[in-house]
């Protein structure tokens, strides 16, 4: 079976974990602090705070932005449900806008019409690693004095051309960017997340909240020659990353240049060869964007059955996933009114298929995927 994704791990990560286990300190500690410094340097951010996963990162970023009960946050339905869930964790309501059909990202044209007196923030998503149009979204956010939070769960290593030079997603260009280290992402710590921000005060809040709002971190308490009693001045959360995870993350960061190079090579092969197959469209990378190709989403013609194509690939030993889900179609969001159609979001879910792409994927495996798609779709085109 050719999997849809596979994390890149070997003895280097195993040795890093061994080092931490033998150190005696396995929860949040010096490895987390080092991972934060190295991640911040990697993306060009002034501050980086490690947390337990990207969902908790989004939750804390929205809280720092002042999102609370009764507020609205403009975002997309076309994303993993965690994006919308993080808004609801704050007691706020996600207001969904449609996506652009070529990049699968938030359509800036739709944002301004969605702003109301209740709007507290804009939450954009760099979907499956493709950067969204920050150059158009940020002026809208600034004009209306709204924080811009970037769901960059899939986008480590992705870049945009900003003021004439290439910069990494996560710098951040908005107010905060949130990353995931789930095994489906190109860097993985098993699970885990990171928040980068331009705001020193936001970073301080993240560090307080992630550890139950403990006034004195346990690292300081354990290292003090005097007895210290901590206090808990406000409600916080257990959103910490462990040193075991951070040690893996530090090794993963070293691999990033090679991983990005390899994935971009494979994406170019897919683009060149799959674009020749009738009934199939390949992703579009804007001239101002460089994707990390966290996933490769092909789009089928309306007359091609998505499920049949996926089943035929599975029967041939190839794993796939359907197009990115739409939260507004899930039972958990059935009570949420959608004031306008989300046509492009729904089409993307129904017509797109994510095909295998991972660092260790061989030329032979990629040839099999391409050949199988040609065999499946050629008879359809002939009809």
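Which of the helices (runs of 4 or more DSSP H) contained wholly in the range 296-383 include at least 2 residues that are within 16 Å of residue 281 (Cα to Cα), in contact (Cβ under 8 Å) with a residue 40 or more places away in the chain and out of contact with any strand residue (DSSP E or B) (no Cβ under 7 Å at 6 or more places or on another chain)?
Details: elements: 306-315, 343-351, 363-382.
Here the list reads 343-351, 363-382.
Only helices (runs of 4 or more DSSP H) wholly contained in the range 1-97 count here; list those with 3 or more residues that are out of contact with any strand residue (DSSP E or B) (no Cβ under 8 Å at 6 or more places or on another chain) and over 30 Å from residue 345 (Cβ atoms).
Numbers: elements: 11-23, 30-43, 54-64, 82-89.
Ranges flagged: 11-23, 30-43.
When you go through 141, 204, 145 one by one, which is the residue that is out of contact with any helix residue (DSSP H, G or I) (no Cβ under 6 Å at 6 or more places or on another chain), in the same structural domain as residue 38 (by TED's automatic domain parsing) and on the phi > 0 side of the Ramachandran plot? Let's see the steps before the verdict.
Working: 141 fails: on the phi > 0 side of the Ramachandran plot; 204 fails: on the phi > 0 side of the Ramachandran plot.
When all the criteria are applied, what remains is 145.
Among the residues of the range 104-129, which ones are over 14 Å from residue 177 (Cα atoms), part of a loop (DSSP other than H, G, I, E, B) and in contact with a strand residue (DSSP E or B) (Cβ under 8 Å, 6 or more places away or on another chain)?
Selection gives 104, 105, 107, 115, 116, 118.
Name the residues in the range 330-352 that are modelled with pLDDT of 95 or more and either within 18 Å of the chain's Cα centre (by Cα) or loosely packed, with under 14 Cβ neighbours inside 10 Å (or both), would you?
Initially, the range 330-352 is screened for residues modelled with pLDDT of 95 or more, giving 330-333, 341-352.
Passing the criteria: 330, 331, 332, 341, 343, 345, 348, 349.
How many residues does the range 59-73 hold that are over 16 Å from residue 146 (Cα atoms) and crowded, with 24+ Cβ neighbours inside 10 Å?
Within the range 59-73, residues that are over 16 Å from residue 146 (Cα atoms) and crowded, with 24+ Cβ neighbours inside 10 Å number 2.
Among what's in the range 3-22 and is in contact (Cβ under 8 Å) with a residue 40 or more places away in the chain and over 23 Å from the mean Cα position of the chain (by Cα), pick the residue that is farthest from residue 159 (Cα to Cα). Explain how you work it out, then say what you get.
To start, the set of residues in the range 3-22 that are in contact (Cβ under 8 Å) with a residue 40 or more places away in the chain comprises 3-9, 12-13, 16-17, 19-21.
Checking the rest, the ones that are also over 23 Å from the mean Cα position of the chain (by Cα) come to 12, 16-17, 19-21.
Working: 12: 27, 16: 29, 17: 30, 19: 33, 20: 32, 21: 35 Å.
Checking each candidate, the answer is 21.
Have a look at 267, 246, 272 and point out the one that is free of Cβ contacts under 8 Å to residues at least 60 places away in the same chain and either on the phi < 0 side of the Ramachandran plot or crowded, with 20+ Cβ neighbours inside 10 Å (or both).
Numbers: 267 fails: free of Cβ contacts under 8 Å to residues at least 60 places away in the same chain; 246 fails: free of Cβ contacts under 8 Å to residues at least 60 places away in the same chain.
Within the list 267, 246, 272, the selection yields 272.
Condition check: assigned by TED's automatic domain parsing to the domain that holds residue 75, surrounded by fewer than 16 Cβ atoms within 10 Å (Cβ to Cβ) and over 30 Å from residue 75 (Cα atoms). Does residue 228 satisfy that?
Working: assigned by TED's automatic domain parsing to the domain that holds residue 75: yes; surrounded by fewer than 16 Cβ atoms within 10 Å (Cβ to Cβ): yes; over 30 Å from residue 75 (Cα atoms): yes.
Taking the combined requirement at face value, the residue satisfies it.
Kindly indicate whether residue 371 is at positive phi, surrounded by fewer than 17 Cβ atoms within 10 Å (Cβ to Cβ) and more than 27 Å from the chain's Cα centre (by Cα).
Numbers: at positive phi: no; surrounded by fewer than 17 Cβ atoms within 10 Å (Cβ to Cβ): yes; more than 27 Å from the chain's Cα centre (by Cα): yes.
It is false that residue 371 is at positive phi, surrounded by fewer than 17 Cβ atoms within 10 Å (Cβ to Cβ) and more than 27 Å from the chain's Cα centre (by Cα).
Given the range 161-236, what strands (runs of 3 or more DSSP E) lie entirely inside it while holding 1 or more residues that are within 21 Å of residue 66 (Cα to Cα)? Please lay out each step first, then the result.
Values: elements: 165-168, 176-180, 193-197.
Correct list: 176-180, 193-197.
Looking at the range 121-136, which of the residues that are surrounded by fewer than 21 Cβ atoms within 10 Å (Cβ to Cβ) and touching a helix residue (DSSP H, G or I) at 6+ places or on another chain (Cβ under 8 Å) is nearest to residue 284 (Cα to Cα)?
Of all residues in the range 121-136, those surrounded by fewer than 21 Cβ atoms within 10 Å (Cβ to Cβ) come to 133, 135-136.
Subsequent filtering for residues that are touching a helix residue (DSSP H, G or I) at 6+ places or on another chain (Cβ under 8 Å) retains 133, 136.
Details: 133: 13, 136: 18 Å.
So the residue we want is 133.
Is it the case that the range 149-159 has a residue that's surrounded by fewer than 18 Cβ atoms within 10 Å (Cβ to Cβ), in a loop (DSSP other than H, G, I, E, B), at negative phi and assigned by TED's automatic domain parsing to the domain that holds residue 80? Before you say what the answer is, go through the steps one by one.
Of all residues in the range 149-159, those surrounded by fewer than 18 Cβ atoms within 10 Å (Cβ to Cβ) come to none.
So far as the range 149-159 goes, no, none of its residues is surrounded by fewer than 18 Cβ atoms within 10 Å (Cβ to Cβ), in a loop (DSSP other than H, G, I, E, B), at negative phi and assigned by TED's automatic domain parsing to the domain that holds residue 80.
The values are calculated or read from the model by the stated rules, or taken from the named source; none is laboratory data. Predicted model, so just to flag it, every value in this text is computed and none were measured. Neighbour counts run over all protein chains shown; Cβ positions are idealised from the backbone, glycine included.
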